[in-house]
Amino acid sequence: MIDRATIDRIMDAANIVDVVSEYVTLKKSGANYKGLCPFHNERTPSFYVSPARGICKCFSCGKGGNPVGFVMEQEQMTYPEALRWLAKKYNIEIHERELSNEEKEAESKRESMFIVNEWAADYFEELLHHHEDGRAFGMPYFRSRGIRDDIVKKFRLGYDLRNGYALPQKALSKGYKEEFLLETGICYKRENDGKVVDRFAGRVMFPWIAMSGKVVGFGGRKLDQATKGVQQKYVNSPDSEIYHKEKQLYGIFQAKKAIARENCVYMVEGYTDVISMHQCGLENVVANSGTALSVHQIRMLHRFTSNIVLLYDGDEAGIHAAMRGTDMLLEEGMNVKVLLLPDGDDPDSFARKHSAEDFRQYIEDHKADFIQFKSDLLLRGVTDPIKRSEAINSIVKSVSVIPDQIVRATYLTDCSHRLGINEATLISTMNKMIRGEKEQKAKEARREADREYSMKDVSQDAAASHAGVPAPLRPATPMQQASMVENMLVKMIIRHGDEVIYENLETEDGEKINLTVAQYVDYDFGTDGLSFATPIYNKVLEEAVEGSGKEGFKAADYFTRHPDVAISNLAAEMVLDPVQLSKSLQMQKEDGALRNQVEHLVLDFRMDYVEERLRELQREISLSVNDTGRMMQLMAEYKEMQVTRNKMAKLLGSNIIV
């Protein structure tokens, strides 16, 4: 593992303007530089680079970050790979941190599994190209599918001998441990005699290569002459420490740059679909290989693009595959199109019969958005009012999971025109679905909170109420969502978290202390056990508080250079402004202005929490009409919360009439 000191040297040496200039033509713009974004097509520059902050950001697509984050995004590298890329560029020697015994053991096991997989991939390739059985049985299979030699090498395709003992014997003779042959799933141990046997014997081999370029698993296919009467033509590696099928996509390593370049990904079902489309010239394609799409896979793709085309054959299995992933893709904010190929064709056979330009044109001409796809599928020939109603509800349900309100509204307008249903009716139906889903989640969150709400807490609240003191705010539940106030408060912590806003405060022990922005927010939250709804925001606050006690700590510099890419990207977004005012137009900082802003934002945050809790209590009261004891408890809390809200409103400068 690269040690922290080496990472700091890399970050100190990496000049953001120098790094970005390798990919983007930059022009000076005030204190910053700007150019055309390398991550999406644009005609007007919206990509800004700040040499003072050491960060870049596109104010159109949102991508950017520090030098490491930029290289990760541009070259589709992992964090360690990007650090090594920069270290090589600036001639910095990499020093590895000494790992703990536990870390060494886990790292050693994982690395050993990767090494065994890499050896096995080389072994299968060698057999395919140079062993007589590989040339006689394996290569003819790929030739029969029309796969060229360069594509065979690109995807590291191979062949495994029919002798199930040959691979383990070869591996053991080379010094590879039986433990890792079994852990990776390349081999298994027979129960009857305990012998180690090759799982893929007699099959052509398709290595699964992760985004990092490492071989994580394998798929093996029975040869055509061996598939008669065999239901399972393919065998895949079992789940292991380094391979989980629901977290991998076949072809992602070969496709990642093309996906980012084209800003679109084609999703197909099988290995040969991916390979044939690559050979045809369409490289932005991956396969989930027969498993249902998972959130992990979708989020992996979302790093490169928001646009996906589900490309399946038009039989019943293809239709089912297209249907089952649509809502999950929409919920993750993907723009979904669907294309079912003509009967008798799958992406593999279609690609072998068409050029890349013809195939791409066919996709453009025939792809349908999910509404059109669902409408054609569910409503074709349907005259029964009940079945038609169910189909329309299914379509509206899909629209309801889309996170972007404007996109949802656009789709509903489209639905209204397509289906001949009044738009107001569709909006009302969708809102009921959204409210129902939110209420269900709120109930689940409340039930979880109630389980943790001990009798001691109840008695404390009752005592506070009897004394005429507003009930304390309880810790935020999962239902509390990130808000504009949260974003503004975290922005303040990232930009000014190290700045002192209270000086010489006297503690109960008579000690004099100073409080920074981060320390003040943390102290205020701690009095009532509050926290941000977004986990990464809590991490930012925690680290800003920790850093405030260290000499030389500057929050903005620290977070923009953070080793967690998510945090450094967040910081880049929050510290870089698209418009730089001249000094004459900039507002002069007044004494106490920063403290007033922070105090006001913290109070706004508390007000948001109280308002949300009041709304939740109203819902719970309406659901507790048959439980008098529970209703009285809720109404008492509601009244206390109203008192708290009104006091806060006065502090914020407004009055609320109850």
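Do you know which residues across the stretch 160-215 are among the acidic types (Asp, Glu) and part of a loop (DSSP other than H, G, I, E, B)?
Filtering the stretch 160-215 down to residues among the acidic types (Asp, Glu) leaves 160, 178-179, 183, 191, 193, 198.
Asp160, Glu191, Asp193, listed by residue number.
Check the stretch 510-518 and report whether any residue there is touching a Phe, Trp or Tyr at 6+ places or on another chain (Cβ under 9 Å) and modelled with pLDDT under 85. Steps first, please.
Initially, the stretch 510-518 is screened for residues touching a Phe, Trp or Tyr at 6+ places or on another chain (Cβ under 9 Å), giving 513-516.
From what is left, the residues that are modelled with pLDDT under 85 are 513-514.
Yes, the stretch 510-518 has at least one match.
Take residues that are exposed (fewer than 12 other Cβ atoms within 10 Å of the Cβ) and tell me which of the helices (runs of 4 or more DSSP H) falling wholly in the stretch 363-451 contain 2 or more. So that I can check it myself, show each step before the final result.
Numbers: elements: 370-379, 385-400, 405-419.
The helices (runs of 4 or more DSSP H) meeting that bar are 385-400, 405-419.
Filter the stretch 167-185 down to residues that are of a type in the set (A, V, I, L, M, F, W, C) and out of contact with any strand residue (DSSP E or B) (no Cβ under 7 Å at 6 or more places or on another chain) and give me whichever is most open to solvent (accessible area, probe 1.4 Å). Write out each step before concluding.
Of the stretch 167-185, the ones of a type in the set (A, V, I, L, M, F, W, C) are 167, 171-172, 180-182.
Narrowing the set further to residues that are out of contact with any strand residue (DSSP E or B) (no Cβ under 7 Å at 6 or more places or on another chain) leaves 171-172, 180.
Working: Ala171: 0, Leu172: 85, Phe180: 21 Å².
Checked the stretch 167-185; the qualifying residue most open to solvent (accessible area, probe 1.4 Å) is Leu172.
Being open to solvent by 50 Å² or more (accessible area, probe 1.4 Å) and assigned to a loop (DSSP other than H, G, I, E, B) is the filter; apply it to the stretch 475-507 and report the residue that is modelled with the lowest pLDDT. Don't jump to the end; show me each part of the working.
Pass one, the stretch 475-507, residues open to solvent by 50 Å² or more (accessible area, probe 1.4 Å): 475, 478, 481-482, 484, 487-488, 491, 495, 499-500, 503-506.
Of the ones still in play, those that are also assigned to a loop (DSSP other than H, G, I, E, B) are 475, 478, 481-482, 499.
On the way: Pro475: 42, Pro478: 30, Gln481: 42, Ala482: 49, Glu499: 91.
Step by step, filter the stretch 475-507, then rank; the result is Pro478.
Among Thr516, Thr534, which is under 14 Å from Phe605 (Cα atoms), surrounded by 12 or more Cβ atoms within 10 Å (Cβ to Cβ) and among the polar types (S, T, N, Q)? Quick ask: steps written out before the conclusion?
On the way: Thr516 fails: under 14 Å from Phe605 (Cα atoms).
That would be Thr534, the only listed residue that is under 14 Å from Phe605 (Cα atoms), surrounded by 12 or more Cβ atoms within 10 Å (Cβ to Cβ) and among the polar types (S, T, N, Q).
Is it fair to say Tyr176 is aromatic (Phe, Trp, Tyr), modelled with pLDDT of 90 or more and in contact with a Ser or Thr (Cβ under 9 Å, 6 or more places away or on another chain)? Give the steps one after another, and end with the answer.
Values: aromatic (Phe, Trp, Tyr): yes; modelled with pLDDT of 90 or more: yes; in contact with a Ser or Thr (Cβ under 9 Å, 6 or more places away or on another chain): yes.
Judged against the criteria, Tyr176 is a match.
Taking the conditions exactly as written (open to solvent by 10 Å² or more (accessible area, probe 1.4 Å) and within 21 Å of the chain's Cα centre (by Cα)), does Asp343 satisfy them or not? Show your work before the answer.
Details: open to solvent by 10 Å² or more (accessible area, probe 1.4 Å): yes; within 21 Å of the chain's Cα centre (by Cα): no.
No, not satisfied.
So which residues in the stretch 64-85 are in contact with a helix residue (DSSP H, G or I) (Cβ under 6 Å, 6 or more places away or on another chain) and of a type in the set (S, T, N, Q)?
Residues satisfying the conditions are Asn66, Gln76.
Yes or no, residue by residue, for (1) of a type in the set (Asp, Glu); (2) modelled with pLDDT of 85 or more; (3) in contact with a helix residue (DSSP H, G or I) (Cβ under 8 Å, 6 or more places away or on another chain); (4) farther than 28 Å from Cys58 by Cα:
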site	(1), (2), (3), (4)
Ser531	no, yes, yes, yes
Ser548	no, yes, yes, yes
Pro563	no, no, yes, no
Asp608	yes, no, yes, yes
Glu612	yes, no, no, yes
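Among the candidates Gly529, Gly510, single out the residue that is touching a Pro at 6+ places or on another chain (Cβ under 6 Å) and open to solvent by 20 Å² or more (accessible area, probe 1.4 Å).
Numbers: Gly510 fails: touching a Pro at 6+ places or on another chain (Cβ under 6 Å).
Going through Gly529, Gly510 in turn, the sole match is Gly529.
What strands (runs of 3 or more DSSP E) lie completely within the stretch 243-316 and have 2 or more residues being at pLDDT below 90 and at positive phi? Reasoning before the result, please.
On the way: elements: 265-268, 285-287, 307-313.
Answer list for the stretch 243-316: none.
Out of curiosity, is Ala322 open to solvent by less than 50 Å² (accessible area, probe 1.4 Å) and under 24 Å from Gly146 (Cα atoms)? Give the derivation first.
Details: open to solvent by less than 50 Å² (accessible area, probe 1.4 Å): yes; under 24 Å from Gly146 (Cα atoms): no.
So Ala322 does not fit the description; no.
Can you find even one residue in the stretch 306-316 that is touching a residue at least 60 places away in the same chain (Cβ under 8 Å), open to solvent by 10 Å² or more (accessible area, probe 1.4 Å) and either under 18 Å from Cys264 (Cα atoms) or under 22 Å from the mean Cα position of the chain (by Cα) (or both)? Even if it seems obvious, please write down each step before you answer.
As a first pass, look at the stretch 306-316 and keep what is touching a residue at least 60 places away in the same chain (Cβ under 8 Å): none.
No: zero hits.
Looking at Asp522, Asp557 in this structure, which one is modelled with pLDDT of 85 or more, under 24 Å from Val71 (Cα atoms) and assigned to a helix (DSSP H, G or I)?
Values: Asp522 fails: under 24 Å from Val71 (Cα atoms).
Residue meeting the stated conditions: Asp557.
The values are calculated or read from the model by the stated rules, or taken from the named source; none is laboratory data. Owing to the predicted nature of the structure, the values given are computational and were not obtained by experimental measurement. We place every Cβ from the backbone using ideal geometry, glycine too, and count neighbours over all the protein chains shown. The accessibility values were calculated without ligands, DNA or RNA, using every heavy atom of the protein model including side chains. Shrake-Rupley method; radii C 1.70, N 1.55, O 1.52, S 1.80 Å.
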